[in-house]
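The values are calculated or read from the model by the stated rules, or taken from the named source; none is laboratory data. Computed from a predicted model, the values in this text were never measured in an experiment. So basically every Cβ, Gly included, is an ideal-geometry build from the backbone, and we count neighbours across all protein chains shown. Just the protein is used for accessible areas: all its heavy atoms, side chains included, with ligands, DNA and RNA removed. Shrake-Rupley method; radii C 1.70, N 1.55, O 1.52, S 1.80 Å.
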Amino acid sequence: METIILAVVIAVVVLGALGGLIVGGRRRKSLPPPPPKAPDITAPPAEPHVGEEAETPRDEPRRTIEEVDLPGGPPVAVEEPPVPTVEAPEIEIPEPTAGRLVRLRTRLSRSQNALGKGLLTLLSREHLDDDTWEEIEDTLLTADVGVQPTQELVEGLRERVKVLGTRTPEELRALLREELLKLVGTDVDRTVKTEPAGRKPGIVMVVGVNGTGKTTTTGKLARVLVADGRTVVLGAADTFRAAAADQLQTWGERVGAYTVRGPEAGDPASVAFDAVKEGKEMGVDVVLIDTAGRLHTKTGLMDELGKVKRVVEKHAPLDEVLLVLDATTGQNGLVQARVFAEVVDITGIVLTKLDGTAKGGIVVAVQRELGVPVKLIGLGEGADDLAPFEPEAFVDALIGD
């Protein structure tokens, strides 16, 4: 009996132990994993505060570079870089008008006396028949004299030769000189009007297509005026051609003339207006306005020139409107002259490049076409190669010595 009771107790103990093991295993399986360890997070640097949140700056002791002990020698002295100095351009003294006329007369004689020599050779023939007179006409037409002036000159020569009879070389030269002077004209006022009565400044507008030397002529004219003791302001109203204002300003700086300019592709009329205004305030003698010779806008060139003229005349009337023509273009230059004359009242002509392949007869032709005189001629690329036109000197250069 005791043995049975002992066996039952042992069985109960064994069963209880087994049950505890099973329950403990299940609990271990159902427990969740332990939470991960939180990472160490570094706080970002504090942002600077502005406005009302800004902190009051603290004065901290600072040392200059001279107070810092540098290794290896005495402190290095800090030198400030020198301020660059802009040198003013050297002002040139232009050649006086009288001196340049002598030199230009010689150059003109070398380049233009082919016409005169050809005429003298034909007139020196023993018999002047119709064929000879036709050759004389052809010589004059080739020299760009023009049809009507050529007919007048030939008729005058035929009349004088018939009356003269015997013809010596001296008589022929004198005869030809008289007839050419009649064509060129000696009783015309060729003075460039820059001294209006009772006011300053005189206002001169320079017009012409690009390529004729318009801007260069404006600069050279400034030199002529400065050489005669006048003060000048230049107006760079050719705003549509690249570097035109720079070119004109360079010419002005050489002789101490102030240049008024505007933005590239700006309004030419406003530049011209400002130039006259500046000239009045500065009290100068003359304002020279260089105008555009070509536009890249829908507005026509001639409309723009008319606008410039009207705007300038709000200050004062124009004293001169000079048309610049390239003498080497010959009769083609007359087409340009007609177009410009329809828009602005041309008062004078400037013939450039008269020392090259130009025919001297263009002087006669353009005066007849416009009814205004040639006032200035350019005979080269030099700064002082512009001079007043003298009919006597021109004709003497044509027929030679």
To the nearest 20 debye, the range 264-401 has a Cα-centred charge dipole, built from +1 on Lys and Arg Cβ and -1 on Asp and Glu Cβ, of 660 debye
Note, the range 251-263: 3J(HN,Hα) by Karplus (6.51, -1.76, 1.60, θ = phi - 60°), whole Hz, Gly/Pro = x, goes 4, x, 5, 5, 10, x, 9, 7, 10, 9, 9, x, x
Full extension between LYS277 and GLN148 adds, at 0.36 nm per residue less the Cα distance, a length in nm of 42.0 nm
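So which of LYS182/LYS220; LYS200/LYS220; LYS307/LYS359; LYS182/LYS277; LYS220/LYS359 end up more than 32 Å apart by C-alpha?
Numbers: LYS182/LYS220 30 Å; LYS200/LYS220 21 Å; LYS307/LYS359 34 Å; LYS182/LYS277 42 Å; LYS220/LYS359 23 Å.
Beyond 32 Å: LYS307/LYS359; LYS182/LYS277.
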Cα-only Rg/Rh for the range 182-241 with Kirkwood Rh rounds to 1.02
With every protein chain in place, the accessible area of MET282 for a 1.4 Å probe, in Å² rounded to the nearest 10, comes to 100 Å²
The orientation-averaged projected area of the Cα convex hull of the range 169-288, in nm², is 10.2 nm²
